[in-house]
Amino acid sequence: MKPRSRPTLVRRLVSGLATLVVLAVVVVANRPMVAAGSEALHTYQINRQAYKEKFGHWARLSVPHGFRVNAIHAALLHTGKVLIVAGSGNNRDAFEQESFRTVIYDPATEKFTEVETPTDVFCAGHTFLPNGNLLIAGGTKSYEVLEADVEHPAGVMKIKNESPDGGPRKFAKGTPLVSATGYVYRTRTDVTVPAAKKMTHGSTTTVHAGEAEVWVDAAIKGDRAIVREPAQYTLQGLSGIDARNLYGVADKITREKQEYGGDKTSYEFDPVLQKYVRTGDMRDHRWYPSLVGLTSGDILAVSGLDEFGRILPGRNERYLPKEKRWVAAPELKRYFPTYPGLHLMADGKVFYSGSNSGYGSDTEGRIPGIWDVKRNRFREVPGLRDPRMTETSSSVMLPPAQDQRVMLLGGGGIGESEESTRRTAIVDLDVKSPAYLPGPDLPRPARYLSTVVLPDDTVLTTGGSSGYRGGKYRGRERSELFNSQIYRPADNAFVTTAESTVGRNYHSEAILLPDGRVITMGGDPLYDRTGKNAGTFEQRIEVFSPPYLFGGKRPVVTGGPEQLTRGEKARFSTPDTARIATARLLKPSSVTHVTDTDQRSVALALKRSAGAVEVTVPEKAGLVPSGWYMLFLVDNKGVPSVARWVRVS
Ligand SMILES: [Cu+2]
């Protein structure tokens with residue numbers, strides 16, 4: 001739905017008067033109806049042109065029944081369509097039935113399309129490649145098992161093979177291993193253990209055992225088969241030399257909670273074919289990784305839980321787009337919590353804002369800083385207020401990217417903490433000793449805020465909740481936030497906008513559309529309104545039209561090249577030359593868990609000429625990474641054009 005054109009004055013007066021008459025009748029004649037009356041008044045208010053001009057307007061998107069999915073991931077493709085990925089959508093039944101969902105929404109035609117989803121990409125990481133494909137890596141290999149549901153003691157067994165001869169050894173699912181005390185544990189899946197490796201240094205030869213990890217579950221229920229210390233286990237049925245060479249070791253076998261396990265599958269999603277195209281697998285399994293593009297053109301995958309639900313101890317890896325494969329990056333070993341908020345800087349370094357989705361250590365990897373990915377050095381950035389509340393916070397590179405300023409917003413305490421903060425903070429990465437400085441407080445404490453860079457150099461913040469996953473906060477059962485606001489970097493202040501009508505917490509996202517509107521999706525409350533039963537995933541979609549869409553006639557871009565080159569000029573024709581004030585390249589969003597390593601707005605130097613503007617693309621790849629962008633021309637009242645898609649290299 002496009003924003004409606006301005007109705008005539010007469011029509012506005014007539015409809016306004018009619019509503020007022022209805023209201024008066026309702027209030028006077030029917031006192032118990034006053035509440036409904038105030039709702040009608042609210043509806044009247046928010047639909048007034050003057051209101052929309054000041055606060056913008058929210059509208060519900062009608063989604064055909066078959067296309068309602070749990071929007072866990074979303075990205076704007078260069079075809080102008082919105083990729084909405086659920087995978088199993090945080091739904092155990094869907095996971096077990098291998099019902100993985102992806103839909104594409106086209107805002108231009110309002111049509112939805114289903115896309116075949118080969119594996120469970122739920123909780124993968126993603127970022128756009130220079131060719132416009134969306135690299136999607138990782139996902140879910142296994143669902144969590146809560147402590148109360150763990151009946152059989154279980155643990156990760158490392159099966160070792162001391163023999164360099166006889167090649168790799170395969171053990172089928174259900175293979176029994178026996179403890180010294182006689183308890184039996186069975187492998188949960190097939191496992192292949194490589195042969196030992198012989199290493200010769202001069203005259204000495206050493207043998208390095210081959211090893212592979214696998215989940216094992218005790219054959220009996222209850223606590224008796226729990227083992228709390230590291231121990232060795234024998235593989236039942238082996239004899240002679242095999243029994244000596246092949247055995248299991250485990251740190252512990254307990255009835256503790258089993259976390260979600262990561263997957264190592266990786267795809268390039270092709271926006272034109274609308275298809276997942278498999279690439280080489282990742283080296284590690286990753287659940288909740290962040291993917292960030294580097295100036296070299298490589299993509300870095302950082303953090304995540306491994307296939308056994310353990311946080312990766314700093315093992316990161318690189319994707320080589322030309323070869324479509326992943327390689328280990330031991331030179332970039334560095335520990336981060338899951339979904340770290342990473343932003344590529346103009347000089348090629350990577351800023352870690354401190355935003356994250358938790359898991360792992362409560363203290364390690366929580367301090368924001370600048371990561372020099374050439375030397376693997378990390379320089380901490382001090383000054384953050386509420387430094388213990390970075391989990392579920394959001395961070396965004398403020399517009400324009402040339403300012404090299406990142407804002408961090410809200411966040412909550414570690415894990416299922418009920419605490420959250422109103423704090424925002426801004427760091428200027430361009431100064432000699434970057435430090436966070438306080439920004440304006442949010443109207444309310446907030447986690448999971450969606451932040452969207454708009455073409456007029458402002459940032460919309462919407463959604464979120466004060467409590468953990470929309471739940472309890474200071475005595476209330478529900479804590480979703482309906483207030484939205486726009487941050488104006490020029491004034492360092494928030495201005496209030498219209499309120500959304502759908503609450504969104506965990507697993508929600510918002511992205512800028514090429515027509516200047518913002519689409520919001522998702523929300524995954526832990527509990528329902530009573531606070532007692534499981535919550536249901538929010539499948540309704542809303543679209544926000546910012547005030548600038550009611551600010552008058554939009555400038556138009558009528559022609560120009562599709563290909564732009566860094567450091568070079570390009571001409572775009574427009575009948576609105578005289579009033580064009582700025583030109584911006586907006587990198588399309590690719591967002592999950594309020595983490596978006598792509599989103600940024602790059603200012604273009606602008607020269608007006610008759611019937612056209614000439615823009616200059618900045619030179620630095622750290623400022624304007626290769627890929628597809630939306631070119632917006634913005635007039636002197638802050639009204640943006642509809643975007644034109646361009647490809648920068
Ligand atoms: Cu999640």
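The values are calculated or read from the model by the stated rules, or taken from the named source; none is laboratory data. These figures come from a predicted structure and were not determined experimentally. Cβ atoms come from the backbone with ideal geometry, glycine included; neighbour counts cover every protein chain shown. With ligands, DNA and RNA removed, areas are computed over all heavy atoms of the protein, side chains included. Shrake-Rupley method; radii C 1.70, N 1.55, O 1.52, S 1.80 Å.
For this structure, a couple of remarks:
- Residue selected from the range 463-502 under the condition in a strand (DSSP E or B), within 21 Å of the chain's Cα centre (by Cα) and among the polar types (S, T, N, Q), by the criterion surrounded by the fewest Cβ atoms within 10 Å (Cβ to Cβ): Q485
- Complete set of residues in the range 303-329 that are at negative phi and in contact with a Lys or Arg (Cβ under 8 Å, 6 or more places away or on another chain): L305, D306, E307, L312, R315, N316, E317, Y319, W326, V327, A328, A329
- Residues in the range 578-634 that are acidic (D, E) and within 16 Å of the ligand (Cβ to nearest atom): D596 only.
- Considering each residue of the range 136-145 in turn, at least one proves to be over 21 Å from P588 (Cα atoms) and in contact with a helix residue (DSSP H, G or I) (Cβ under 6 Å, 6 or more places away or on another chain).
- Test: R310 is under 20 Å from I414 (Cα atoms), among the basic types (K, R) and either free of Cβ contacts under 8 Å to residues at least 60 places away in the same chain or open to solvent by 60 Å² or more (accessible area, probe 1.4 Å) (or both): yes
- Verdict on D251 being farther than 30 Å from V207 by Cβ and charged (D, E, K, R): no
- Single unsatisfied condition, V396 versus (1) open to solvent by less than 20 Å² (accessible area, probe 1.4 Å); (2) in a loop (DSSP other than H, G, I, E, B); (3) touching a residue at least 60 places away in the same chain (Cβ under 8 Å); (4) under 30 Å from R444 (Cβ atoms): (2)
- Among the conditions (1) within 17 Å of V191 (Cβ to Cβ); (2) in a loop (DSSP other than H, G, I, E, B); (3) open to solvent by less than 60 Å² (accessible area, probe 1.4 Å); (4) not polar (S, T, N, Q), the only one that G297 does not satisfy is (1).
- From the options R608, R647, R571, residue that is free of Cβ contacts under 8 Å to residues at least 40 places away in the same chain and part of a strand (DSSP E or B): R608
- Here is the figure for the range 169-204: residues that are in contact (Cβ under 8 Å) with a residue 24 or more places away in the chain, assigned to a strand (DSSP E or B) and β-branched (V, I, T) total 6.
- Hey, F544 within 16 Å of the ligand (Cβ to nearest atom), within 23 Å of S394 (Cα to Cα), hydrophobic (A, V, I, L, M, F, W, C) and in contact (Cβ under 8 Å) with a residue 24 or more places away in the chain or not: no
- Taken together, the residues in the range 503-517 that are in a loop (DSSP other than H, G, I, E, B), within 16 Å of the ligand (Cβ to nearest atom) and at negative phi amount to 3.
- Where strands (runs of 3 or more DSSP E) fall wholly inside the range 222-282, no range has 3 or more residues that are surrounded by 13 or more Cβ atoms within 10 Å (Cβ to Cβ) and at pLDDT below 95.
- For first residues located in the range 228-241 and over 24 Å from E256 (Cβ atoms) and aromatic (F, W, Y), partners that are outside any strand (DSSP E or B) and open to solvent by less than 100 Å² (accessible area, probe 1.4 Å) and lie 6+ apart or on another chain with Cβ distances below 8 Å do not occur.
- Criterion (open to solvent by 10 Å² or more (accessible area, probe 1.4 Å) and among the hydroxyl-bearing types (S, T, Y)) met by exactly one of T424, T451: T451
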